[in-house]
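What follows is one structure encoded as structure tokens, with my remarks underneath.
The values are calculated or read from the model by the stated rules, or taken from the named source; none is laboratory data. Here the structure is a predicted model, which is why all the values come from computation and not from measurement. Here the Cβ positions follow ideal geometry from the backbone for every residue, glycine too, while neighbour counts run over all protein chains shown.
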Amino acid sequence: MGDITRLIHQANGGEQEAWKRLLDELYEPLKRLARARLGSARWNGGTLDTTGLVHEFWLKLQRAGRVLVNDREHFMAYAARAMRSVIVDFARARNARRRGGDQERITLQTGLAAEPAPDEQILAVHAALEQLEAVDPRLVQVVEMRYFTGLAELEIARALGVTERTVRRDWVKARMLLSAALRS
């Protein structure tokens, strides 16, 4: 059992010191993950930065009190999903404030196709991933682990208990379905 796996088990057992050591050990990988999440989301000048995203994720994890993962790969996959959730929550809140909350909206139709705002892109990708999860939850796990966490196909295969070939097929299928969902 590796150090990270041992720390995860100790933290899940309620050892506060294990939580602190786990954060110390995984802080830099979590920051790289957060940087990738924010970069892939094209987050432009928002109030959420890399450090803020890691801290929001960690607070969410602390509130839960435990995380049902087996090892480092599972933990990072969980982190990717939780960070996506934090980003979506921030995007929703920004959209609500920008659009005046629940005030009545009046739009001007100009006939010009406007490019979606970054928050709208984040929400569109999130909705597409939710649709994909309804079709095949493993496909979403592969996307999160590969695209958002940066795990290699072999690491994903081990984490999911499938072959590398299955991971490659799932990646191709997920990209095709996400692309179709985002175009519609």
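Figures for the structure shown
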item	result
Among (1) touching a helix residue (DSSP H, G or I) at 6+ places or on another chain (Cβ under 9 Å); (2) modelled with pLDDT under 75; (3) assigned to a loop (DSSP other than H, G, I, E, B) - the single one Asp119 does not satisfy	(3)
Count of the stretch 61-92 residues which are within 30 Å of Leu154 (Cβ to Cβ), modelled with pLDDT of 80 or more and loosely packed, with under 15 Cβ neighbours inside 10 Å	1
All positions within the stretch 39-60 that are modelled with pLDDT of 85 or more, among the aliphatic types (A, V, I, L, M) and farther than 15 Å from Trp19 by Cα	Leu53
Flag for Asn95 being polar (S, T, N, Q), at pLDDT below 80 and not in a helix (DSSP H, G or I)	no
Failed item, numbered, when Arg37 is tested on (1) in a helix (DSSP H, G or I); (2) among the charged types (D, E, K, R); (3) farther than 17 Å from Leu123 by Cα	(3)
Top-ranked residue in the stretch 155-179 [being among the acidic types (Asp, Glu) and farther than 18 Å from Val69 by Cβ; ranked as surrounded by the fewest Cβ atoms within 10 Å (Cβ to Cβ)]	Glu164
Long-range neighbours under 9 Å by Cβ, at least six apart or interchain, first residue touching a residue at least 60 places away in the same chain (Cβ under 8 Å) within the stretch 5-21, second in a helix (DSSP H, G or I)	Thr5/Arg72; Thr5/Phe75; Ile8/Ala18; Ile8/Leu22; Ile8/Arg72; Ile8/His74; Ile8/Phe75
Residue among Ala152, Ala127, Ala134 that alone is modelled with pLDDT under 90 and either over 20 Å from Asp71 (Cβ atoms) or in contact with a strand residue (DSSP E or B) (Cβ under 8 Å, 6 or more places away or on another chain) (or both)	Ala127
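Here's the yes/no breakdown for (1) over 18 Å from the mean Cα position of the chain (by Cα); (2) within 15 Å of Arg84 (Cβ to Cβ):
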site: Pro137; (1), (2): no, yes
site: Gln141; (1), (2): no, yes
site: Gly161; (1), (2): yes, no
site: Thr166; (1), (2): yes, no
site: Trp171; (1), (2): no, no
site: Leu182; (1), (2): no, no
